[in-house]
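**Student:** Below: one structure in structure tokens.
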Amino acid sequence: MKSVMSCRWSVRQAVKYLKQGQIIAYPTEAVYGLGCNPLDELAVRQLLVLKDRPWQKGVILIAADLRQMTDYLQPLSDEWSAKIQAPQPHPTTWLVPARPSVPYWLRGNSTFLAVRITQHALAAELCRCWGMPVVSTSANPSGRTPARTILKVRSYFGDQLAYVLPGQVGSYTQPSQIRYLFTDDLVRA
């Protein structure tokens, strides 16, 4: 875990709000994401209400590295661990068997958990400074175009977010694809 004091001021602000159980927005590889503490059920529920997203679908967790996911995932071979961490041509979220202890509000109606090792430098710094994964779902109400700018995030959510981490989204134009780790079956293109 990176010392919070060695993080840039804007990231320290985001971490402060995560610790308080608040919802933030932050840039990712393609769009702004909404995030919160994955272990705070109330925060996750509030995020899902903002999105108008049913809990049964589960949420994505992003992390700076696979070590941050250890407590959430069933043990993986070196081969599968390498696959999750390998940069992909397009941001990829993997569906991986979750530990039985993973709360239902993260995995929804599934025994799998959606995880991504983020390749976005600022999102990775957020995870390192926070010291654990962050919930990551596109910053938009369900059915609307995901926000790629702070202005669009604010137009969707106004003052309902505790903080918007300033930064540029990556060069990708679509949210991450979602695939099953063991089969490569595509769930979301």
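The values are calculated or read from the model by the stated rules, or taken from the named source; none is laboratory data. Model, not experiment: these values are computed from the prediction. Glycine gets a Cβ as well: all are built from the backbone with ideal geometry, and neighbour counts include every protein chain shown.
**Student:** Given the residues V59, V31, V44, which is the only one that is out of contact with any His (no Cβ under 7 Å at 6 or more places or on another chain), farther than 17 Å from P175 by Cβ, modelled with pLDDT of 95 or more and of a type in the set (A, V, I, L, M)? Steps first, please.
**Tutor:** Details: V59 fails: farther than 17 Å from P175 by Cβ; V31 fails: farther than 17 Å from P175 by Cβ.
It is V44.
**Student:** Every residue in the stretch 51-89 that is within 25 Å of C129 (Cα to Cα) and in contact with a Phe, Trp or Tyr (Cβ under 7 Å, 6 or more places away or on another chain), please.
**Tutor:** L61, I84
**Student:** Let me ask something else. Take the stretch 164-189 and flag every residue that is surrounded by 11 or more Cβ atoms within 10 Å (Cβ to Cβ) and in contact with an Asp or Glu (Cβ under 9 Å, 6 or more places away or on another chain).
**Tutor:** Answer for the stretch 164-189, where residues must be surrounded by 11 or more Cβ atoms within 10 Å (Cβ to Cβ) and in contact with an Asp or Glu (Cβ under 9 Å, 6 or more places away or on another chain): V169, G170, Y172, P175, S176, R179.
**Student:** Continuing with this model, one more query. Would you mind finding the one in L39, L73, L66 that is closer than 24 Å to F157 by Cβ and modelled with pLDDT of 95 or more? Walk me through how you get there before you give the answer.
**Tutor:** On the way: L73 fails: closer than 24 Å to F157 by Cβ; L66 fails: closer than 24 Å to F157 by Cβ.
Just a single option satisfies the conditions, and that option is L39.
**Student:** While we're looking at this one, here's another question. Please determine whether any residue of the stretch 78-85 is closer than 23 Å to L18 by Cβ, of a type in the set (D, E, K, R) and surrounded by fewer than 17 Cβ atoms within 10 Å (Cβ to Cβ).
**Tutor:** No: the stretch 78-85 contains no residue that is closer than 23 Å to L18 by Cβ, of a type in the set (D, E, K, R) and surrounded by fewer than 17 Cβ atoms within 10 Å (Cβ to Cβ).
Conditions tested, residue by residue: (1) farther than 25 Å from Q13 by Cβ; (2) part of a strand (DSSP E or B); (3) without any contact (Cβ under 8 Å) to a residue 12 or more places away in the chain; (4) not small (G, A, S).
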| position | (1), (2), (3), (4) |
| --- | --- |
| L113 | yes, yes, no, yes |
| R116 | no, yes, no, yes |
| L122 | no, no, no, yes |
| L126 | no, no, no, yes |
| T137 | no, yes, no, yes |
| R154 | no, no, yes, yes |
| P166 | no, no, no, yes |
| G170 | no, no, no, no |
| T173 | yes, no, no, yes |
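**Student:** Restricting attention to the stretch 47-74, which residues are touching a residue at least 60 places away in the same chain (Cβ under 8 Å) and among the β-branched types (V, I, T)?
**Tutor:** Once the filter is applied, which keeps residues that are touching a residue at least 60 places away in the same chain (Cβ under 8 Å) and among the β-branched types (V, I, T), the stretch 47-74 yields V59, I60, I62.
**Student:** Take the stretch 150-169 and flag every residue that is in contact with a helix residue (DSSP H, G or I) (Cβ under 9 Å, 6 or more places away or on another chain) and under 24 Å from A124 (Cβ atoms). If you could, list the steps in order and put the result at the bottom.
**Tutor:** Residues of the stretch 150-169 that are in contact with a helix residue (DSSP H, G or I) (Cβ under 9 Å, 6 or more places away or on another chain), as a first pass: 156-157, 160-168.
Scanning the stretch 150-169 gives F157, L161, A162, Y163, V164, L165, P166, G167, Q168.
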